[in-house]
Amino acid sequence: IFEQKHYYSLNYDDQQLDIASASPPKDENGWPEINQETLHLEPCLPLDAELAAFIQSVRTNTPPLVTGRVGLEAVRVANIIKENMSACL
């Protein structure tokens, strides 16, 4: 993911997030300083995490992290991607 002053790279295999951020230059003619950081994430399967979060919201009577409408849209987009990938094979 690119932002104006940040870059994020998520590695699902290694379960880590690499972050690069630009600090302002130390002088007018200098280049920005690039800071790099790697966060090691707790390994988990994405679907398991989504289900656990949903179950927690039901148990605590709190709103889910993702609404049903947003979830349905994600499934719709995933199906379009899957269909397009199949058409290319």
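Throughout, read-outs are computed from the coordinates displayed, never taken from laboratory work. If you're wondering where the values come from, they're calculated on a predicted model, not measured in any experiment. Every residue, glycine among them, receives a Cβ derived from its backbone with ideal geometry; neighbour counts consider all protein chains shown.
In the chain, which longest range has no trypsin sites (Lys or Arg not before Pro) that are both DSSP loop (not H, G, I, E or B) and surrounded by at most 15 other Cβ atoms within 10 Å?
For trypsin sites (Lys or Arg not before Pro) (loop position, at most 15 other Cβ atoms within 10 Å), the longest site-free span of the chain is 27-89.
What ³J(HN,Hα) values, in whole Hz, does the Karplus curve 6.51 cos²θ - 1.76 cosθ + 1.60 give for segment 35-45 when θ = phi - 60°, with x put for Gly and Pro?
Using θ = phi - 60°, the values come out as 9, 10, 9, 10, 9, 8, 8, 5, x, 7, 7 Hz.
State to the nearest 20 debye the size of the charge dipole of the chain about its Cα centre, where the only charges are +1 on K and R beta carbons and -1 on D and E beta carbons.
Numbers: 6 positive and 13 negative charges, 108 e Å.
Around 520 debye, computed over the chain.
Relative to the present Cα-Cα distance, how much length would full extension add between I1 and K26 at 0.36 nm per residue of separation? Could you put the intermediate results ahead of the total?
Values: separation 25, 0.36 × 25 = 9.00 nm, distance 2.59 nm.
So the chain would gain 6.4 nm between I1 and K26.
Compute the long axis of helix 46-60 from its Cα atoms, compare it with the longest principal axis of the Cα atoms of the chain, and write down the angle in degrees, 0 to 90, nearest 10.
70 degrees
Considering the options H40, L89, N11, tell which one lies farthest towards the positive end of the dipole of the chain, charges being +1 on Lys and Arg and -1 on Asp and Glu at the Cβ, about the Cα centre.
After comparing all options, I get L89.
Only Cα pairs under 8 Å and at least 6 apart count here; give the relative contact order of the chain as a rounded whole percent. Kindly include the intermediate steps, with their values, before the conclusion.
On the way: 74 pairs, mean separation 13.6, N = 89.
Result for the chain is 15 percent.
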